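Single-structure report; data block below.
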Amino acid sequence: MLEERCDVVVVGLGAMGAATLYQLAKAGAKAVGIDRYAPPHDQGSSHGDTRITRLAVGEGAAYVPLVRRSQQIWRELEARDGDALFEQCGVLVMTSGATHTSHHGAADFTLSTIELARTYGIAHEVLTAEQLRARFPQFAPLRDDTIAYYEPEGGFVRPERCIAAQLKAARELGADVIAGVTVSAVESMGNVVRVRAGDRTVVADKVVVCAGMWSAELLGEPFKSLLKVCRQQLFWFKLEEPMIFPEVSPSFILSHGPLDTDFCYGFPPIPGEGSMKIATEQYMALSEPDSLDRTVSDADVAAMFRTHVAGKIAGVTAERVKARVCTYTVTPDYGFIIDEHPALKNVTAVSACSGHGFKHSAAIGEAVAQRCLSGKSQIDLSAFSLSRFS
Ligand SMILES: Cc1cc2nc3c(=O)[nH]c(=O)nc-3n(C[C@H](O)[C@H](O)[C@H](O)COP(=O)(O)OP(=O)(O)OC[C@H]3O[C@@H](n4cnc5c(N)ncnc54)[C@H](O)[C@@H]3O)c2cc1C
């Protein structure tokens, strides 16, 4: 049995873990990252080519500093490596239909986004249906009562590239990345923590668990009671020819009816791919990480097109280019948990998922690394504490 010693072990190297490992290594810590697969991979919650980023985070004000800082870090990483990570193509948040629905725990998502942008001085425009049609003809079919929030500084990030760039940088800065090894136990022993992973044991001053949908099985209670795993499907539909999308098209979020399920989001066509990615969300059916159904049937594809695309978004055919399954790990209030484990000393849990974590992940990694190394972070993480559920 091999026993290693380091400052911090990061368990799970998806969005949150890769960011944390990079920041720990950048700060000079001796850090070890462990993942059951070889990240970036398509088995967790961080795959599918694109993730929306927006500064006016309708989920709440506590998220605004995280997304701002993350956008800076993506740019720093781009300068370091040259790979494009953040496409600032703008983002549209739209409500079409008289009743404003809720989303990610925020009632009236478009209006709360507008309010937040006003409060924080985030550049934006509010568009009527007519103005929207003139600028973005792909949304011409939407109803006359549509209101749209347009944020030019939003857009999308490339999740797999972000993870790869941070892990590469972490390695270059001296971090040890162990891929393809599952952590089976995290045990506090006095002032240190022991991590068991395959035939290795790593002893560290601190451990950060960023295990995504597997977090509950590794962390036990209260996480088992708080976290639920919701399977999601992603669809890429073939575009009509000639393409009607303007050269710079925004990412978008669209509420198109009175129910929480009357909701979809999507991305501009990626040059050369001839398709558009669009998805919806579901929170009703729960899944187990190790028995997740990863198939997307033709009936699922047809239902998605019928319910969320037809009559709402122009220029898109019903033909599937590809489809993927991904998971949200959701807390009762749809917010993040970033906190010390109540029973495992020196273990921090980062369950920043709930379907909206990626845009914040680079800054979460930085803040968690600061907390591990100095006891406090520059960005306030208190809104994500466990105590709000007690
Ligand atoms: C379909 C979909 C769309 C989304 N859209 C957006 C969006 O538009 N904008 C946005 O901001 N966010 C979005 N999100 C949310 C965001 O992608 C997630 O919050 C984020 O990627 C979660 O990252 P994570 O590090 O917590 O989990 P993961 O990326 O799943 O990472 C967990 C890692 O832990 C590893 N692991 C687990 N258990 C162990 C173990 N025992 N030992 C070793 N390794 C282990 C796994 O292999 C995995 O690599 C979306 C999510 C999904 C699923």
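The values are calculated or read from the model by the stated rules, or taken from the named source; none is laboratory data. Because the structure is a prediction, the values reported are computed rather than measured. Cβ: placed from backbone, ideal geometry, glycine included. Neighbour counts: every protein chain shown. Please note that ligands, DNA and RNA were not included when accessible areas were found on the heavy atoms of the full protein model with its side chains. Shrake-Rupley method; radii C 1.70, N 1.55, O 1.52, S 1.80 Å.
Being of a type in the set (A, V, I, L, M), in contact with a helix residue (DSSP H, G or I) (Cβ under 8 Å, 6 or more places away or on another chain) and without any contact (Cβ under 8 Å) to a residue 40 or more places away in the chain: is that true of L127 here?
Here the answer is yes, as L127 does meet what is asked.
State whether the residues of the stretch 177-197 include one that is open to solvent by 60 Å² or more (accessible area, probe 1.4 Å) and away from the ligand (no atom under 16 Å from the Cβ).
The answer is yes, given that some residue of the stretch 177-197 is open to solvent by 60 Å² or more (accessible area, probe 1.4 Å) and away from the ligand (no atom under 16 Å from the Cβ).
Tell me which residues, restricted to the stretch 219-256, are at negative phi, in a loop (DSSP other than H, G, I, E, B) and out of contact with any helix residue (DSSP H, G or I) (no Cβ under 6 Å at 6 or more places or on another chain).
Hits for the stretch 219-256 are E221, P222, E240, E241, P242, M243, P246, E247, V248, S249, P250, H256.
Residues to consider are G17, G60; find the one that is touching a residue at least 24 places away in the same chain (Cβ under 8 Å) and within 12 Å of the ligand (Cβ to nearest atom).
That would be G17, the only listed residue that is touching a residue at least 24 places away in the same chain (Cβ under 8 Å) and within 12 Å of the ligand (Cβ to nearest atom).
How many residues are under 21 Å from P342 (Cα atoms) and either in a strand (DSSP E or B) or not charged (D, E, K, R) (or both) if we restrict to the stretch 164-218?
29
Tally time: how many residues in the stretch 321-379 are part of a loop (DSSP other than H, G, I, E, B), open to solvent by 10 Å² or more (accessible area, probe 1.4 Å) and of a type in the set (V, I, T)?
Total meeting the criteria: 1.
Here are E366, E340: which of them is over 17 Å from the mean Cα position of the chain (by Cα), more than 14 Å from the ligand (Cβ to nearest atom) and of a type in the set (D, E)?
E340
Do we find that T20 is surrounded by 24 or more Cβ atoms within 10 Å (Cβ to Cβ) and within 19 Å of D339 (Cα to Cα) in this structure?
yes
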